[in-house]
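To start, the structure under review is shown below, and the notes come after it.
The values are calculated or read from the model by the stated rules, or taken from the named source; none is laboratory data. Quick caveat, the model's predicted, so the values are computed rather than measured. So basically every Cβ, Gly included, is an ideal-geometry build from the backbone, and we count neighbours across all protein chains shown.
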Amino acid sequence: MTRKQIVILGGGTGGTMAANRLRRRFHADEAEIHVVDRDDRHVYQPGLLFVPFGLAHVEEVVRPRRRQLRDGVVFHEREVDSIVLDRDEVLLHDGTVLPYDVLVVASGVRLQPEETEGLTGPGWNERMFTFYSPQGAVLLNEALERFEGGRLVVNLVDMPIKCPVAPLEFVFLADWYLRERRIRSKTELVYATPLDGAFTKPIASEHLAGLLAEKEIELVTEFNAGEVDGVGGTLGSYDGRELGFDLLVTIPLHGGAAYVGRSPGLGDALGFVPTDKQTLQTPVKPNVFALGDATDLPTSKAGSVTHFEAEVLVENIARYLADEELDAAYDGHANCFIETGFHKALLIDFNYETEPLPGRFPSAFGLPLLRQSRLNHVGKLMFQWIYWHALLPGREIPGIGPTMPMRGKKAIPIDV
Ligand SMILES: Cc1cc2nc3c(=O)[nH]c(=O)nc-3n(C[C@H](O)[C@H](O)[C@H](O)COP(=O)(O)OP(=O)(O)OC[C@H]3O[C@@H](n4cnc5c(N)ncnc54)[C@H](O)[C@@H]3O)c2cc1C
């Protein structure tokens with residue numbers, strides 16, 4: 001095989017895993033692997049959840065991107081400008097042109113708070129915050145330290161969002177934090193969502209709604225936020241409802257990277273890239289693959305999903321380059337720890353077809369599913385180490401892969 005050029009857009013979770021796995025898969029004389037990212041700060045995003053509560057510092061969750069990439073991967077610290085699909089070329093902002101034989105889109109999502117009227121106006125980062133960015137998480141930490149009670153509203157503006165359980169985890173931890181500070185009785189906690197329940201999947205949703213009620217957190221459903229008044233402290237929905245707040249924690253609208261919109265034929269109206277749900281090849285062109293938050297796949301936008309996808313994507317790039325049939329191996333497998341406060345967490349595991357079920361993961365002797373436990377909390381905390389030392393370098397984790405395991409699961413959901 002002549003030496004192929006593989007260009008990966010984005011050096012976050014998916015881009016780094018894909019690059020490292022590809023580097024292990026191909027000899028240097030078989031493939032040149034390039035990763036493009038606009039900066040050299042790789043953020044372990046699940047860690048951002050803990051920053052507002054002073055349980056982690058931002059510096060602890062950020063590492064240089066270059067150092068996460070195996071020797072032999074070429075890193076370009078540049079902004080992607082656009083893709084010229086007919087010429088198989090990536091244009092970078094500084095005018096550099098990167099030709100490719102295979103392109104991997106791993107550029108994640110773009111937060112768009114400016115799309116909600118009033119959100120980035122007066123009061124932004126003063127009484128209205130998001131913990132979905134490192135800077136926002138730090139500012140929210142300062143605001144929570146100053147908070148002495150009142151009405152705290154957590155709102156996700158619209159789906160899809162990355163890590164759909166993170167806003168719930170935030171509100172559970174807020175309940176814990178306010179109790180620790182003995183100001184919970186002076187605080188009304190509200191969780192406002194555009195969904196018709198606490199979560200997207202009915203069984204988990206019922207369970208999580210029960211937890212919200214237990215913790216006296218008001219659940220407001222089908223709330224499609226349309227505008228915010230940061231001076232008066234109100235969040236309005238399109239159907240005319242209004243929620244007052246002293247502190248608003250928003251998960252802003254998500255879209256694909258801006259360059260996707262500037263690259264004719266690459267993305268959909270929201271800037272996400274249409275992707276085959278089992279092979280991760282895109283219908284855009286056979287040599288264009290995508291993974292992670294950048295895709296339009298009907299599963300959660302999550303690091304676990306990105307990890308499972310990376311395994312299938314790398315196998316299929318190898319097959320594509322060898323002119324072999326692609327492997328339709330990805331089944332939508334996703335799993336998420338859900339922090340519930342007081343040093344406990346839930347774990348859910350599901351795929352395109354199967355709802356989160358009770359039982360244990362990844363086998364009958366594993367972590368409890370759909371049940372709060374200290375073991376799951378320890379699992380969530382340990383995950384950061386696993387992320388940097390096993391997942392990003394592309395090491396295999398026995399028993400955990402792109403196909404959802406049914407061992408240990410109870411087929412009929414009981415005691416949920
Ligand atoms: C608060 C929070 C908590 C989370 N908790 C969990 C959790 O507990 N479990 C879980 O599984 N997932 C969790 N996630 C989600 C997880 O972090 C993401 O799903 C995962 O990082 C997606 O990987 P990705 O490679 O698709 O995108 P990213 O890791 O975001 O990487 C995309 C990269 O593309 C780069 N990029 C974009 N546009 C350009 C451009 N034009 N030029 C150059 N570079 C560009 C960006 O700089 C970025 O580095 C959480 C996310 C957040 C925000």
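Is it fair to say residue 39 is under 20 Å from the mean Cα position of the chain (by Cα) and outside the structural domain of residue 394 (by TED's automatic domain parsing)? Considered against the rule, which asks whether it is under 20 Å from the mean Cα position of the chain (by Cα) and outside the structural domain of residue 394 (by TED's automatic domain parsing), residue 39 comes out as yes. Here residue 344 fulfils each of the conditions (1) within 20 Å of residue 45 (Cα to Cα); (2) in contact (Cβ under 8 Å) with a residue 60 or more places away in the chain; (3) of a type outside the set (A, V, I, L, M, F, W, C) apart from (2).
Yes/no per residue for (1) out of contact with any strand residue (DSSP E or B) (no Cβ under 6 Å at 6 or more places or on another chain); (2) in the same structural domain as residue 302 (by TED's automatic domain parsing); (3) crowded, with 19+ Cβ neighbours inside 10 Å; (4) hydrophobic (A, V, I, L, M, F, W, C):
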| site | (1), (2), (3), (4) |
| --- | --- |
| 314 | yes, yes, yes, yes |
| 328 | yes, no, no, yes |
| 345 | no, no, yes, yes |
| 348 | no, no, yes, yes |
| 352 | yes, no, no, no |
| 357 | no, no, yes, yes |
| 364 | yes, no, no, yes |
| 367 | no, no, yes, yes |
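Every condition in (1) out of contact with any Pro (no Cβ under 6 Å at 6 or more places or on another chain); (2) closer than 30 Å to residue 397 by Cα is met by residue 58 except one, and the failing one is (1). Every condition in (1) within 14 Å of the ligand (Cβ to nearest atom); (2) buried (at least 22 other Cβ atoms within 10 Å of the Cβ); (3) under 21 Å from residue 169 (Cα atoms) is met by residue 384 except one, and the failing one is (2). Only a single item in (1) surrounded by 21 or more Cβ atoms within 10 Å (Cβ to Cβ); (2) modelled with pLDDT of 95 or more is not met by residue 389, and it is number (1).
Could you grab me the full set of residues in region 260-275 that are assigned to a helix (DSSP H, G or I) and either of a type in the set (Val, Ile, Thr) or not assigned by TED's automatic domain parsing to the domain that holds residue 37 (or both)? Matches in region 260-275: 260 only. Checking each residue of region 48-69 against the condition of being more than 12 Å from the ligand (Cβ to nearest atom), within 28 Å of residue 286 (Cα to Cα) and in contact (Cβ under 8 Å) with a residue 24 or more places away in the chain gives at least one match. Would region 216-236 turn up any residue that is among the charged types (D, E, K, R), part of a loop (DSSP other than H, G, I, E, B) and touching a Phe, Trp or Tyr at 6+ places or on another chain (Cβ under 7 Å)? No: region 216-236 contains no residue that is among the charged types (D, E, K, R), part of a loop (DSSP other than H, G, I, E, B) and touching a Phe, Trp or Tyr at 6+ places or on another chain (Cβ under 7 Å). Could you say whether any residue in region 6-19 is farther than 18 Å from residue 108 by Cβ and out of contact with any Lys or Arg (no Cβ under 6 Å at 6 or more places or on another chain)? Yes, region 6-19 contains a residue that is farther than 18 Å from residue 108 by Cβ and out of contact with any Lys or Arg (no Cβ under 6 Å at 6 or more places or on another chain). Considering every residue within region 84-99, establish whether at least one is in contact (Cβ under 8 Å) with a residue 40 or more places away in the chain, basic (Lys, Arg) and either assigned by TED's automatic domain parsing to the domain that holds residue 287 or away from the ligand (no atom under 15 Å from the Cβ) (or both). For region 84-99, residues in contact (Cβ under 8 Å) with a residue 40 or more places away in the chain, basic (Lys, Arg) and either assigned by TED's automatic domain parsing to the domain that holds residue 287 or away from the ligand (no atom under 15 Å from the Cβ) (or both): absent.
For residue 105, the conditions (1) without any contact (Cβ under 8 Å) to a residue 60 or more places away in the chain; (2) within 12 Å of the ligand (Cβ to nearest atom) are fulfilled apart from (1). The residues in region 247-272 that are polar (S, T, N, Q) and either over 23 Å from residue 94 (Cα atoms) or touching a His at 6+ places or on another chain (Cβ under 7 Å) (or both) can be counted, and the count is 1. Meeting the requirement of 3 or more residues that are within 22 Å of the chain's Cα centre (by Cα), the strands (runs of 3 or more DSSP E) wholly within region 109-215 are 109-111, 150-156.
Going by the structure shown, is residue 42 within 12 Å of the ligand (Cβ to nearest atom), within 24 Å of residue 282 (Cβ to Cβ) and at pLDDT 95 or above? Criteria not met by residue 42.
The C-beta contact set for region 375-386 (first residue closer than 13 Å to residue 56 by Cβ, second residue away from the ligand (no atom under 11 Å from the Cβ) and part of a helix (DSSP H, G or I), distance under 9 angstrom, 6+ apart or interchain) comprises 384/60. For first residues located in region 197-209 and outside the structural domain of residue 171 (by TED's automatic domain parsing), partners that are charged (D, E, K, R) and lie 6+ apart or on another chain with Cβ distances below 9 Å do not occur.
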